[in-house]
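Peer 1: Have a look at this one.
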Amino acid sequence: MKFKVSEDVDAPMQVVWSRFVDFFQFESEAKGRGADLVRIGDWSEPAKGAKWRGEVPVRGKTRVIAAEITTFDPEDTCVVTSQIGGMDCVYDLTFVALSPEVTRVTSVMELSANTLSARLLLQTMKLARGKVMQKLQAILARQGNAAEATWRKMQRSQQA
């Protein structure tokens, strides 16, 4: 099953890229939602091969997660591949500069099930596809708004 959403962000590519690949912020958000994530290899900068392991709550049940950055092309593409319980997930972020100060971010999440319980979860997601798409769009918009705020702050500090 594939979900695809896009967002145009009013900020330059470099600002948008740095906000969207701020994995420290994503880790703290996930921990705030009950996830227990640990970096493998104690890396400090995101790069191809960076990994996490841990547990995340999914629909009231704690599931094991393993994730890895499989593609990391600065200011172009970031792909994170993960296994959550019996489900494989490929999360692809693509960045395109529409102008010097506008960047389009496209997010594609592809899910596939390896177990019966994962297939049931995917079936539920298919039935609630619209709601899942709204949540993904909201996440993209929230990150885009944060990038825009960072860009405005940078502009103000340069003017001062």
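All of the numbers you see were taken from the coordinates with simple rules; none came from a lab. Quick caveat, the model's predicted, so the values are computed rather than measured. Quick reminder, even Gly has a Cβ in these numbers, built from the backbone with ideal geometry, and neighbours come from all protein chains shown.
Peer 1: Pick from G60, G85, G144: which residue has the top mean-square fluctuation in a GNM of the chain where Cα pairs under 10 Å get a spring?
Peer 2: G60
Peer 1: Set the Förster radius R0 to 25 Å, insert the Cβ-Cβ distance between Q123 and K61 as r into 1/(1 + (r/R0)^6), and round the FRET efficiency to 0.05.
Peer 2: 0.95
Peer 1: Would you mind telling me which residue in A50, A138, A147 has the biggest mean-square fluctuation in a Gaussian network model of the chain, where springs connect alpha carbons within a distance under 10 angstrom?
Peer 2: The residue that fluctuates most here is A138.
Peer 1: Which of the following values of P(r) over Cα pairs in 10 Å bins from 0, in percent was calculated from the structure shown: [x] 11, 41, 38, 9, 0; [y] 10, 35, 37, 15, 3, 0; [z] 10, 38, 32, 15, 5, 1, 0?
Peer 2: Here the calculated entry is [y].
Peer 1: With the dipole of segment 1-78 worked out from charges on the C-beta (+1 for Lys and Arg, -1 for Asp and Glu) around the Cα centre, which of I65, M13, W43 lies farthest toward the positive end?
Peer 2: Among I65, M13, W43, the one farthest towards the positive end of the dipole of segment 1-78 is I65.
Peer 1: Enumerate the aspartates and glutamates that K48 could reach by cross-link, defined here as Cα to Cα under 18 Å, with residues fewer than 8 away along the same chain left out.
Peer 2: Output for K48: D22, E27, E68, D73, E75, D76, D92.
Peer 1: A further question on this structure: Provide the gained length on full extension for the span T150 to T70, in nm with one decimal, where the gain is 0.36 nm per separating residue minus the Cα-Cα distance.
Peer 2: Numbers: separation 80, 0.36 × 80 = 28.80 nm, distance 2.73 nm.
Fully extending the segment from T150 to T70 adds 26.1 nm.
Peer 1: Follow-up. With only Lys, Arg, Asp and Glu charged, each at its Cβ (+1 for the first two, -1 for the last two), find how big the charge dipole of segment 33-110 is about the Cα centre; round to the nearest 20 debye.
Peer 2: Details: 9 positive and 12 negative charges, 99 e Å.
So the dipole magnitude of segment 33-110 works out to roughly 480 debye.
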